[in-house]
Amino acid sequence: MTTLYERLGGEDAIAAVVDSFYDRVIDDDRVAHFFEGTDMQQQRAHQTQFLSSIMGGPVTYSGGEMDSAHSHLDIHPTHFAVIAELLEETMVEFDIAESDRQAVLDALTQYEDAIVQC
C-alpha cells in the first residue's frame, strides 16, 4: 500500500506545493501578517518537512512543539480555516486527487488544537 507521501510524489513534489502555498499565504491579507519578519526559505523547508512527515514519508519532523511554536501568535480558528482553504486551493492547482487532498487536510486538522491558541 502506498503512502500519501508517495502518492503525492515525494518530498520534491510536496516542496513545490509548499512553495506555491506560501505564495498564496503571503498574498492573503487575512494571514500574511503571521509571517512578517519570517525567514520564508526556512519556513518553506520546515513546512515541507512537517507535511512530508504527517503524510507518511521517510522524513522526521524536527520542529518545535506545535503549541509553544504558535502560542505567541494569537491564531484564531478563522485563521486556521484560511490556511486550510489556501492549502486546498494549492492542492487543486497541482491536480491532487480529492481523496488525497482530504487526507492531507485531515492530517493537518489533528494539529489544530496545538496551533489555534484562542
Original post:
When Lys and Arg each count +1 and Asp and Glu each count -1, what net charge do the other residues less than 12 Å away from G57, Cβ to Cβ, add up to?
Top reply: -2
**OP:** For every helix of n ≥ 4 consecutive DSSP H residues, a contribution of -39,500 (n - 2.57) applies; sum these over the chain, divide by its total residues, and give [θ] at 222 nm rounded to the nearest 500 deg cm²/dmol.
**Re:** -18500 deg cm²/dmol
**OP:** Would you work out what percent of the accessible area of the stretch 45-113, with all protein chains in place, is carbon or sulfur (probe 1.4 Å)?
**Re:** 49 percent
Subject >> Approximate spin-label separation H33-S68, in nm, with each point projected 7 Å along Cα-to-Cβ >> reply: 2.7 nm
Original post:
Of G37, M1, A114, which is farthest along the charge dipole of the chain in the positive direction, counting Lys and Arg as +1 and Asp and Glu as -1 at C-beta?
Top reply: M1
Original post:
If you line up the long axis of helix 98-109 against the longest principal axis of the chain, both from Cα atoms, how many degrees apart are they, to the nearest 10?
Top reply: 40 degrees
**OP:** Taking the Cβ of A84 as the centre, find all other residues whose Cβ is under 11 Å away and add up their charges (Lys, Arg: +1; Asp, Glu: -1).
**Re:** -4
**OP:** Work through the residues other than Y5 whose Cβ is under 15 Å from its Cβ and net out their charges, Lys, Arg +1 and Asp, Glu -1.
**Re:** -3
Subject >> Full-extension gain in nm, Q117 to M40, via 0.36 nm per residue minus C-alpha separation >> reply: 25.5 nm
Original post:
GNM on the chain, C-alpha springs below 10 Å: top fluctuator among S68, S52, S20?
Top reply: S68
Subject >> Under-5 Å amide H pairs with V116, H placed in peptide plane, nonlocal only >> reply: none
**OP:** Please work out the average accessible area per residue across the stretch 60-118, using the 1.4 Å probe convention, and give it in Å².
**Re:** 58 Å²
**OP:** Could you work out how far helix 77-93 tilts from the main Cα principal axis of the chain, as a 0 to 90 degree angle to the nearest 10?
**Re:** 30 degrees
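The values are calculated or read from the model by the stated rules, or taken from the named source; none is laboratory data. Not measured: the values here are computed from a predicted model. Backbone-built Cβ (ideal geometry, glycine too); neighbour counts: all protein chains shown. In case anyone asks, the SASA skips ligands and DNA or RNA and just uses the protein heavy atoms, side chains included. Shrake-Rupley method; radii C 1.70, N 1.55, O 1.52, S 1.80 Å.
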